[in-house]
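Inspection log for the structure reproduced underneath, given as structure tokens.
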Amino acid sequence: MLGTDFEPDFSETLRYLGYRGQELSDDMLGRIKAMSELCQRVSRPDYTYGVFELDGAHLIGTDLTLEGESIRRHLDGAEKCVLMAATLGHACDREALRLEAKSLADAVAFNAASVSLIEAVSDRCQREIGARFKSEGLHINGRFSPGYGDLPLSTQAPLLRLLRAEERLGITLTDGFLMLPRKSVTAVIGLFRTEKTGETRGCSVCGMREFCEYRKGGERCG
């Protein structure tokens with residue numbers, strides 16, 4: 001388990017709640033802050049990643065070939081790729097279920113804070129990967145998660161197996177390839193000899209897209 005220095009970004013939490021600059025009551029602000037603090041208190045953030053040589057979209061030394069044109073474009077020119085997984089842990093899920101039975105408003109605020117928090121954990125993992133390989137003259141692009149574009153959601157299974165994510169992080173899959181704990185993220189990141197330019201963030205590479213209220217409303221957060 002990582003340290004407890006992670007905390008939900010309050011402005012991001014507001015954005016996931018659909019905040020568009022409207023005035024918020026003191027009661028609402030207090031509720032959101034309380035749920036953010038609760039999220040930070042009960043979560044157990046952690047992540048892991050592994051590095052693999054590439055032959056096209058095939059991870060050398062494994063039985064995994066990443067399927068779909070979207071991931072092939074994402075990895076075009078990459079020498080290696082990194083598989084990563086991050087989670088907030090099962091206690092966060094248990095607290096979310098408790099709140100859903102008690103107070104819908106609290107549950108919604110808690111969910112937004114937990115989305116903000118898992119994004120922060122995923123960002124930390126990505127920064128660590130970038131710093132590690134910069135000394136080797138390699139550059140990363142953004143995160144690309146199973147289920148986006150035509151990369152099948154079923155890719156979750158071999159990805160998590162290769163990372164030993166159940167053993168290391170406690171992440172398991174439902175029959176529909178959804179992860180438990182629910183606030184978990186997996187992604188593929190490319191490693192390149194030349195620095196990548198253009199969009200490395202946004203819906204196309206965002207690990208939060210399945211939770212994102214902006215996308216549900218046909219908008220973008222940035």
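Structure above, values below:
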read-out	value
Share of Cα-Cα pairs in the chain lying beyond 26 Å, as whole percent	37
Relative contact order of the stretch 87-165, defined on C-alpha pairs under 8 angstrom at six or more residues apart (%)	17
Shape box of the stretch 52-155 [Cα atoms, principal axes, largest first, Å]	51, 31, 21
Set of lysines with alpha-carbon distance to Lys196 below 19 Å, sequence-local pairs under 8 removed	Lys80, Lys134
Residues Cys39, Cys125 arranged by fewest to most Cβ contacts within 10 Å	Cys125, Cys39
Ordering of 148-155, 104-111 by packing [mean C-beta count within 10 Å, highest first]	104-111, 148-155
The chain, relative contact order in percent, only Cα pairs under 8 angstrom and at least six apart counted	27
Charge dipole magnitude, Cβ of K and R +1, D and E -1 - the stretch 39-117, Cα centre, debye nearest 20	500
222 nm mean residue ellipticity, helices alone, for the chain (DSSP H n ≥ 4; -39,500 (n - 2.57); rounded to 500)	-12500 deg cm²/dmol
Under 16 Å from Lys102, Cα to Cα: aspartates and glutamates that are on another chain or at least 8 residues apart	Asp93
19 Å tail of the calculated P(r), the stretch 19-96, as % of Cα pairs	61
For peptides 20-29, 6-15, sequence by mean Cβ density within 10 Å, most packed first	6-15, 20-29
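Since every read-out is calculated from the coordinates, none of them should be taken as a lab result. Keep in mind it's a predicted model, so treat the numbers as computed, not measured. With ideal geometry, Cβ positions are generated from the backbone for all residues, glycine too; neighbour counts draw on all protein chains shown.
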